Amino acid sequence: MKLTSYFLTDPKIKIEAGVTPNQIRTLIIHPQFSSELPEKEYTMVKESLPDVSSTSQNSTDNIEKLILNASIRTQGKSKSQKFQSEISIEGTKNDVKMPQNYKESLKGLFITKDTIYSDLSKNIENVLVNKRKSMLLEPLQIIEPQIRDISLGTKGMIYLDLGYPRLMPLNLLGEGFRRMLSILTKVSDTRNGIILLDEIENGLHYSSMKVFIKYLIKIAELQHIQLFITTHSKETLNAIYEVLTIPEFSKFKTNIKSFTIRKHREDKIISYPYDFEKLDYAIEQDIEMR
């Protein structure tokens, strides 16, 4: 992501980011000031991420409105999609005007105990056709070293090659193994979207959780997927933490956030957020987060 701001002759902030390999999104924020504050009194900051509290010598209370000009440019196309919205500020209140022409679809998948095995054969077929078999085989072979290959039979039957004279039906390898394969397959067959995974630990042995989390993160990054995971398992939280301490995965520390949701008196529900540092502290101090 690249951010450039000019607070001298042109008080604006420009944010540019590549969302997908072939798409660039730009957001330019124009602050509209009251007449009490000259724009020229703002300092200039270039090619850096500014600390908002230090980019000006005056109070930001004099900003009346933020005008947001956004654009989406796809590689190979000459024109960009453009959108404008406004945030009006009056004291502690604000009013948001959304662009009328902005509409965007986001692919989402909700994996629960009732949907986890739906379309499994179709998902595996798509992974095989798109030559992404290694995504599935690598973690499965760590859990079960005898696995040599995975294939589809008639009527959607799924078989594994364990080195025996005959292929082995997936169902014979146990519920936990089948569940892990199904989740990894669904993530591998989804791209540019979000996946909501309910109670990730169900049916999985704690000894395989760390391997599962590692490849879940790897595939999600490759497929540009954002994961939303619920769990009641301390072992799962520990596995996520341990994976993020591995040098190869340390870059994801800033991308993870954990939330503990608790119900208080008078039916009030409060969410407690944890970034990686807080998660680290909570795990080290054995603080209950589930």
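The values are calculated or read from the model by the stated rules, or taken from the named source; none is laboratory data. In this text the structure is predicted, and so the values were computed from the model without any measurement. Don't worry about glycine lacking a Cβ; one is built from the backbone with ideal geometry, like all the others, and counts go over all protein chains shown.
Side notes on the structure shown:
- From 220, 239, residue being small (Gly, Ala, Ser) and either part of a strand (DSSP E or B) or crowded, with 21+ Cβ neighbours inside 10 Å (or both): 239
- Annotation: of all residues in segment 107-141 being β-branched (Val, Ile, Thr) and in contact with a strand residue (DSSP E or B) (Cβ under 7 Å, 6 or more places away or on another chain), the one that is nearest to residue 227 (Cα to Cα) is 111.
- Out of 200, 195, one residue alone is part of a loop (DSSP other than H, G, I, E, B), modelled with pLDDT of 85 or more, surrounded by 15 or more Cβ atoms within 10 Å (Cβ to Cβ) and among the β-branched types (Val, Ile, Thr). It is 200.
- The residues of segment 142-158 that are among the basic types (Lys, Arg) and touching a strand residue (DSSP E or B) at 6+ places or on another chain (Cβ under 7 Å) amount to a single one, 148.
- Set 84, 100: member being in a strand (DSSP E or B) and more than 17 Å from residue 185 (Cβ to Cβ): 84
- Per the conditions (1) surrounded by fewer than 15 Cβ atoms within 10 Å (Cβ to Cβ); (2) touching a residue at least 60 places away in the same chain (Cβ under 8 Å); (3) assigned to a helix (DSSP H, G or I), the sole criterion not satisfied by residue 172 is (2).
- Residue 187 surrounded by fewer than 20 Cβ atoms within 10 Å (Cβ to Cβ), assigned by TED's automatic domain parsing to the domain that holds residue 118 and in contact with a helix residue (DSSP H, G or I) (Cβ under 6 Å, 6 or more places away or on another chain): no
- Every residue from segment 60-79 that is of a type outside the set (D, E, K, R) and either surrounded by 15 or more Cβ atoms within 10 Å (Cβ to Cβ) or within 27 Å of the chain's Cα centre (by Cα) (or both): 62, 63, 66, 67, 68, 69, 70, 71, 72, 74, 75, 76
- Count - residues of segment 136-158 that are over 24 Å from residue 217 (Cα atoms) and surrounded by 16 or more Cβ atoms within 10 Å (Cβ to Cβ): 1
- Answer residue from segment 135-169, given it is assigned to a loop (DSSP other than H, G, I, E, B) and charged (D, E, K, R) and is nearest to the chain's Cα centre (by Cα) among those: 144
- Criterion: surrounded by fewer than 15 Cβ atoms within 10 Å (Cβ to Cβ), closer than 24 Å to residue 160 by Cα and not assigned by TED's automatic domain parsing to the domain that holds residue 22 - qualifying residue of 206, 215, 272: 206
- Qualifying residue in segment 108-128 (condition: farther than 16 Å from residue 183 by Cα and exposed (fewer than 15 other Cβ atoms within 10 Å of the Cβ)): no
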